[in-house]
Number of protein chains: 2
Amino acid sequence: MGATHLFSNKVKNLQGSAIREILKLTQQSDIISFAGGLPAPEMFPEKELAALSQDILLNRGHVALQYGITEGYAPLIETVKKRLATFGIGKDYDQVAIVSGAQQGIDLAAKVFLNEGDGIVCENPSFIGSLNGFRAYNANLIPVTMQADGMDVQALEQILKTTPNVKLIYTIPTFQNPTGITMSLAKRQRLLQLAEQYNVYIIEDNPYGELRFAGEDLPTIKQLDQTGRVIYVGSFSKILAPGLRLGWAMAREEILAKMVVCKQVSDVHSNLFAQMLADEYLKQYDITTHIQGIRALYGERCGLMLACMDEHFPKSVTYTRPEGGLFIWCTLPEGMNSIDVMKACVAKKVAFVPGSTFMVDQDAPCNCFRLNYSSMAEEKIRSGIAIMGEVLRGVCNG
Amino acid sequence: MGATHLFSNKVKNLQGSAIREILKLTQQSDIISFAGGLPAPEMFPEKELAALSQDILLNRGHVALQYGITEGYAPLIETVKKRLATFGIGKDYDQVAIVSGAQQGIDLAAKVFLNEGDGIVCENPSFIGSLNGFRAYNANLIPVTMQADGMDVQALEQILKTTPNVKLIYTIPTFQNPTGITMSLAKRQRLLQLAEQYNVYIIEDNPYGELRFAGEDLPTIKQLDQTGRVIYVGSFSKILAPGLRLGWAMAREEILAKMVVCKQVSDVHSNLFAQMLADEYLKQYDITTHIQGIRALYGERCGLMLACMDEHFPKSVTYTRPEGGLFIWCTLPEGMNSIDVMKACVAKKVAFVPGSTFMVDQDAPCNCFRLNYSSMAEEKIRSGIAIMGEVLRGVCNG
């Protein structure tokens, strides 16, 4: 006798994220983990946040510890709006809400638009948390292949032309998770045209956009958008600290208002103390300089990892060379399964995430895998990639 | 041209909570607000939390500011489990997760069980946040009248006997929001029997249970439950601070595991810094003594408000005399509409929440309203109730 037969259809088959299960295993062991997507903890401004915490709790504790409004702490909303405006993001019709991490912004947008069975187009592969979020509404996830310059927009057009009830397109256009790929300007423009033409909305998930360490900045899709097709979601997790669970959502007023109503019944509002901390940090410190530091560190680590891969991996293994973000995407020779390679590597104390995890069809065999470089010290990158190279040379030709 | 016609059926008709809209209005004005459900800010342990913040960020900032696991910060889960055990809560088959406020625990339980159209029995009136949460899944909310000793269990039996696809019963058995009513022991036992007999699960929402200032403690339904019928949800909001957005959910392992998967796609995990703060507070300070202070204060304020109501309200207005919690529930003479009275009172700078807000059918006229006493200083209770008395004597007979 159990409750499981009473579970709703939408969650019955929903599984936890493999990444987070791996994260649990690797947290307490001597493993070298290129799994997960942790920012470098040495970049957390611990001292600054400690000083601000003290000040906020002693002088405005009655605000920080009390209930707040669902939209978010008003001064932080203003600060975020101003900051986004410096990137050219935000039109008259847009509003901003503070959310409990970008994940919540994506979840709320999905809840607002998707009936069970409605279509949402997803880059394939894509971020597992978002894909599972859409699955949890029993949506119809429609995969579009990722190419070197972003999603295949011809395939997208075909989908929009032939599939009924498609309401949303979900994209991480810049330094995508898991591939590290950045969508070209031409594709960004085409994506907007197609959204307009077929009357669908775009969720632009941009947690990594500020972490460019090579190449030239591109405009966000939200910047290019002149009609409000884009629901834009960003995060403090990669530029300040993920433990605070803070992000923002920007969308046309009527969309954002409905997302806020859904947030109200989800967690009432985001941690107010954390919102005040983020706001004061942005006001009293220079986050641009702080982010430059993060970019420099990730650029070094990415460069080192790629150099080690060039040295140790067999030539038959190919990989992306990202210009920012946290991830490198590797492709094994056709017919190989990255889960087998993962098992062999974990036995040698090196972990990464097999590519099937990020696919709309998680059950199909997949010859790709994701490496994270942001949270690993130099010597661990060197030794971990060397170990992986040894394993790969044993199983791959070339 | 707008997005609203694309919104999902489940959220299309969802409105924001009137309480929170009122909260917004009353936050920045000179109004005496008996609306909202704010705990007394003077009871927030600001200095203690400031000292702990400093210590956590300076010494364990790399943990507090990093990603954590969805279930919650492991030491806090243990601390909460131990604390619940001192109240006799928790069986071998139960697990605990930390959630972003009790609201999230309720939302997750609803998501796990409810298909669109599935039935959930709700006390009528009940907490608007939960009711809206259930509405946001397009569930069938089935009202059961509140009596002086809790929900009408005879009506409940009739519902369970005759209504298909009822999966959940939602109850706040102790110092209910909005009525302040506590369910009798006999009804708690009967509720469990009925849940067992008709194979439905119970969400026991208990944010106020520790705030008793009169009468004798009763066992929670979770304590009485021998088979795991109860999903138990509690909160730090009323015993520590709501701004931290922390609560807990306890349920049979297989139910909680699915709730955790849903939490993962909602906000990944609750603010880790706040979780560490709560854990250290519970370890280093005596929360029992702290709560005694809150209880004493609320007891005084409730007593004062009732005394003022006895003095100023016309005899035709009746009200509950709660033994704990935050709320008094008032009933106007039949045929009157509390919204009219609210408008008249707001014109005189006193706010409260009209009863229709808390009803499953929010559109039906309602002669009840809710008063909150926890967050108002003595002199404001005196003057606010005197003003209300004046308005009420003008519109009521007797």
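What the table below lists for this structure:
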| read-out | value |
| --- | --- |
| Tabulated pairs, the stretch A:376-398, first within 23 Å of A:GLY37 (Cα to Cα), second among the hydroxyl-bearing types (Ser, Thr, Tyr), C-beta under 9 angstrom, 6+ apart or interchain | A:MET376/A:SER33; A:LYS380/A:SER33; A:ILE381/A:TYR373; A:GLY384/A:SER33; A:LEU392/A:SER316 |
| Qualifying residue in the stretch B:152-163 (condition: open to solvent by 10 Å² or more (accessible area, probe 1.4 Å), at pLDDT 95 or above, more than 11 Å from chain A (Cβ to nearest Cβ) and in a strand (DSSP E or B)) | no |
| Index of the failed condition, B:ILE294 passing every other in (1) at the interface with another protein chain (Cβ under 9 Å from one of its Cβ atoms); (2) in contact with a Leu (Cβ under 7 Å, 6 or more places away or on another chain); (3) aliphatic (A, V, I, L, M) | (1) |
| Spans of helices (runs of 4 or more DSSP H) in the stretch A:1-99 with at least 2 residues at pLDDT below 95, more than 7 Å from chain B (Cβ to nearest Cβ) and farther than 24 Å from B:GLN66 by Cα | A:9-12 |
| Tally of residues being at the interface with chain A (Cβ under 7 Å from one of its Cβ atoms), hydrophobic (A, V, I, L, M, F, W, C) and within 16 Å of B:ALA241 (Cβ to Cβ) across the stretch B:260-276 | 2 |
| Filtered residue count, the stretch B:96-150, keeping only those that are charged (D, E, K, R) and surrounded by fewer than 24 Cβ atoms within 10 Å (Cβ to Cβ) | 4 |
| Residue list for the stretch B:345-368, filter: closer than 22 Å to B:GLY389 by Cβ and of a type in the set (D, E, K, R) | B:LYS348, B:LYS349 |
| Restricting the stretch A:346-379 to residues that are under 19 Å from the mean Cα position of the chain (by Cα) and of a type in the set (Val, Ile, Thr), the residue that is farthest from A:ASN132 (Cα to Cα) | A:VAL353 |
| Matching residues in the stretch B:311-348 - criterion: being in a strand (DSSP E or B) and either farther than 20 Å from B:ASN397 by Cβ or open to solvent by 80 Å² or more (accessible area, probe 1.4 Å) (or both) | B:GLY324, B:PHE327, B:ILE328, B:TRP329 |
| Selection within the stretch B:164-181 - over 21 Å from B:GLY105 (Cα atoms) and open to solvent by 10 Å² or more (accessible area, probe 1.4 Å) | B:PRO164, B:ASN165, B:ILE181 |
| Qualifying residue in the stretch A:125-142 (condition: within 14 Å of chain B (Cβ to nearest Cβ), more than 20 Å from A:CYS262 (Cα to Cα) and of a type in the set (Ser, Thr, Tyr)) | yes |
| Residue match in the stretch B:277-298 (condition: under 23 Å from B:PRO173 (Cα atoms) and free of Cβ contacts under 8 Å to residues at least 24 places away in the same chain) | yes |
| Looking only at the stretch B:112-151, and only at residues there that are part of a strand (DSSP E or B) and of a type in the set (A, V, I, L, M), the one that is farthest from B:ASN367 (Cα to Cα) | B:ILE120 |
| Residue in the stretch B:284-293 that is in a loop (DSSP other than H, G, I, E, B) and buried (at least 20 other Cβ atoms within 10 Å of the Cβ) present | no |
| Filter pass, B:SER266 being touching an Asp or Glu at 6+ places or on another chain (Cβ under 6 Å), open to solvent by less than 20 Å² (accessible area, probe 1.4 Å) and more than 24 Å from B:TYR93 (Cβ to Cβ) | yes |
| Number of positions in the stretch B:206-240 that are hydroxyl-bearing (Ser, Thr, Tyr) and either in a loop (DSSP other than H, G, I, E, B) or closer than 19 Å to B:ARG321 by Cβ (or both) | 4 |
| Close pairs from the stretch B:251-271: first at positive phi, partner not in a helix (DSSP H, G or I), Cβ under 8 Å, at least 6 apart | B:VAL268/A:GLY101; B:VAL268/A:ARG245; B:VAL268/B:TYR67; B:VAL268/B:THR70 |
| Check on A:LEU306, on the phi < 0 side of the Ramachandran plot, open to solvent by 10 Å² or more (accessible area, probe 1.4 Å) and part of a helix (DSSP H, G or I) | yes |
| Yes/no for A:THR220 being more than 18 Å from A:THR70 (Cα to Cα), of a type outside the set (Asp, Glu) and open to solvent by less than 30 Å² (accessible area, probe 1.4 Å) | yes |
| Enumeration of residues in the stretch A:349-362 that are in contact with a helix residue (DSSP H, G or I) (Cβ under 6 Å, 6 or more places away or on another chain) and part of a helix (DSSP H, G or I) | A:GLY355, A:THR357, A:PHE358 |
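Yes/no per residue for (1) at the interface with chain B (Cβ under 8 Å from one of its Cβ atoms); (2) surrounded by fewer than 24 Cβ atoms within 10 Å (Cβ to Cβ); (3) of a type in the set (A, V, I, L, M, F, W, C); (4) within 19 Å of A:THR79 (Cβ to Cβ):
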{"residue": "A:TYR232", "(1), (2), (3), (4)": "no, no, no, yes"}
{"residue": "A:SER237", "(1), (2), (3), (4)": "yes, no, no, yes"}
{"residue": "A:LEU244", "(1), (2), (3), (4)": "yes, no, yes, yes"}
{"residue": "A:ALA249", "(1), (2), (3), (4)": "no, no, yes, yes"}
{"residue": "A:ALA278", "(1), (2), (3), (4)": "no, no, yes, yes"}
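The values are calculated or read from the model by the stated rules, or taken from the named source; none is laboratory data. Note that this is a predicted model, so its numbers are computed, not measured. Reconstructed Cβ throughout: ideal geometry from the backbone, glycine too, with neighbour counts over all protein chains shown. Just the protein is used for accessible areas: all its heavy atoms, side chains included, with ligands, DNA and RNA removed. Shrake-Rupley method; radii C 1.70, N 1.55, O 1.52, S 1.80 Å.
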